[in-house]
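Data block below; observations after.
The values are calculated or read from the model by the stated rules, or taken from the named source; none is laboratory data. Fair warning: this is a prediction, and the values are worked out from it, not measured in the lab. Cβ placement follows ideal geometry from the backbone for every residue including glycine, while neighbour counts extend to all protein chains displayed.
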């Protein structure tokens with residue numbers, strides 16, 4: 001008689017491990033993209049309102065862990081992300097001081113990007129342009145030829 005047939009508890013424990021693995025893989029698939037979308041929503045919020053929301057659906061640490069380690073169900077975070085970026089785009093449509101920086105428009109999902117209005121002058125766009133100009137002046141990547149730092 002084999003070990004498997006002699007020990008039903010072994011079979012049950014292995015089935016439990018398989019079920020846990022399936023649950024983790026299933027959650028990982030559901031959580032796919034939530035971390036990036038959450039970071040994008042937070043960046044947009046900071047750029048538009050100058051601060052982060054007082055109430056978030058989860059801490060950034062919980063979102064990171066749920067995405068890569070624990071498999072925590074991030075459905076509430078996913079819903080919050082979609083609701084918040086939709087509201088930010090609508091605020092930009094009705095209030096010129098709440099338009100989105102052009103530098104972050106490509107971080108919106110395609111279904112929302114066409115509705116967004118870019119700010120005529122936004123501090124983040126000015127900073128992005130200044131950094132691009134600086135990189136061009138240095139010759140990007142700037143460390144080429146600066147081997148003294150690598151020795």
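Laid out as a table, the results:
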quantity: Residue in region 66-82 that is part of a loop (DSSP other than H, G, I, E, B), under 13 Å from the mean Cα position of the chain (by Cα) and touching a residue at least 60 places away in the same chain (Cβ under 8 Å) present; calculated: no
quantity: Single match in 96, 103, 47 (criterion: surrounded by fewer than 14 Cβ atoms within 10 Å (Cβ to Cβ) and either within 17 Å of residue 122 (Cα to Cα) or modelled with pLDDT of 95 or more (or both)); calculated: 96
